[in-house]
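Visitor: First, the structure itself, so that you have it in front of you.
The values are calculated or read from the model by the stated rules, or taken from the named source; none is laboratory data. None of the values given here were measured: they were computed from a predicted structure. Glycine gets a Cβ as well: all are built from the backbone with ideal geometry, and neighbour counts include every protein chain shown.
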Amino acid sequence: MKSYKCSDCGSLFKESELGSDLFCPSCDEAGVFRKVEQSKNKSADKRKGKYIEQNEILIFSLFSVISIVLVVLLYISADDKIMTQMELNIYAGEEAEMANTELNKLYEEQMNYLTEEKQKKRLEEAQLAWIKYRDATCLYEAGERSESGSIWPMRDSVCVEILTKQRNEILKTYVSCRSDGCR
């Protein structure tokens, strides 16, 4: 039987699954379908596909487990006592808050240094755009609270902390630059 691949979404369909309107059943777009050549060695193709799928699942599972272990190890307290999830959430929140406090200090220091109103306005606009970027990035990485479990506050706080520390490094370069050509 002939198979066809949607050029928009990449889904595969048998000839009998495609209607005369040539709309893709998966992406609901009027797609361009390309004929997929069938291999003569179907059993080898099935084994290869199953092998690749199993490897992808294994790699994803290992990555997930390693990520969780690293996060937990990262947040072991100073007295080497493993913390509960609530304690990890609180600790991560405190770390994010410390990074945010430094961010506000550096921002205010730079704003106080600037003398021209247009420079101050540009820095303010850049900072507001960065905050929007940070929040959108952390929403992407941690998801919404309702989509996750008790680990969500830690995941969100860790994201906020990491991105805020990166922004702090940029603000530090502004603050440390006090000669001609620096703003």
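Visitor: Do any residues in region 112-129 that are in contact (Cβ under 8 Å) with a residue 12 or more places away in the chain have Cβ atoms under 7 Å from those of residues that are in a helix (DSSP H, G or I) and surrounded by 13 or more Cβ atoms within 10 Å (Cβ to Cβ), where the two are at least six apart or on different chains, and which pairs are they?
Guide: 114/120; 114/123; 123/110; 123/111; 127/107
Visitor: Anything in region 103-120 that is within 25 Å of the chain's Cα centre (by Cα) and surrounded by fewer than 16 Cβ atoms within 10 Å (Cβ to Cβ)? List them, or say none. Full working, then the answer.
Guide: Going residue by residue through region 103-120, those that are within 25 Å of the chain's Cα centre (by Cα) are 103-104.
Within region 103-120, just 104 meets the criteria.
Visitor: On to the next question. Of everything in region 136-183, what is under 18 Å from residue 102 (Cβ atoms) and either among the aromatic types (Phe, Trp, Tyr) or free of Cβ contacts under 8 Å to residues at least 60 places away in the same chain (or both)? Give them in sequence order.
Guide: To start, the set of residues in region 136-183 that are under 18 Å from residue 102 (Cβ atoms) comprises 138, 157-177.
Hits for region 136-183 are 138, 159, 162, 163, 166, 169, 170, 173, 174, 176, 177.
Visitor: Report yes if some residue within region 82-91 is outside any helix (DSSP H, G or I), in contact with a helix residue (DSSP H, G or I) (Cβ under 6 Å, 6 or more places away or on another chain) and at pLDDT below 90; otherwise report no. Break it down stepwise before answering.
Guide: Of the residues in region 82-91, the ones outside any helix (DSSP H, G or I) are 82-84.
Within this subset, residues satisfying the condition of being in contact with a helix residue (DSSP H, G or I) (Cβ under 6 Å, 6 or more places away or on another chain) are none.
Within region 82-91, not a single residue is outside any helix (DSSP H, G or I), in contact with a helix residue (DSSP H, G or I) (Cβ under 6 Å, 6 or more places away or on another chain) and at pLDDT below 90.
Visitor: Out of 163, 171, which single residue is of a type in the set (A, V, I, L, M, F, W, C), surrounded by 17 or more Cβ atoms within 10 Å (Cβ to Cβ), under 25 Å from the mean Cα position of the chain (by Cα) and more than 30 Å from residue 84 (Cα to Cα)? Steps first, please.
Guide: Numbers: 163 fails: more than 30 Å from residue 84 (Cα to Cα).
Result of the check over 163, 171: 171.
Visitor: Got a number for residues in region 119-150 being of a type outside the set (Phe, Trp, Tyr) and under 16 Å from residue 108 (Cα atoms)? Before the answer, list the steps.
Guide: Initially, region 119-150 is screened for residues of a type outside the set (Phe, Trp, Tyr), giving 119-129, 131-132, 134-139, 141-150.
With the extra rule that they be under 16 Å from residue 108 (Cα atoms), the set shrinks to 119-128, 131.
Counting residues in region 119-150 that are of a type outside the set (Phe, Trp, Tyr) and under 16 Å from residue 108 (Cα atoms) gives 11.
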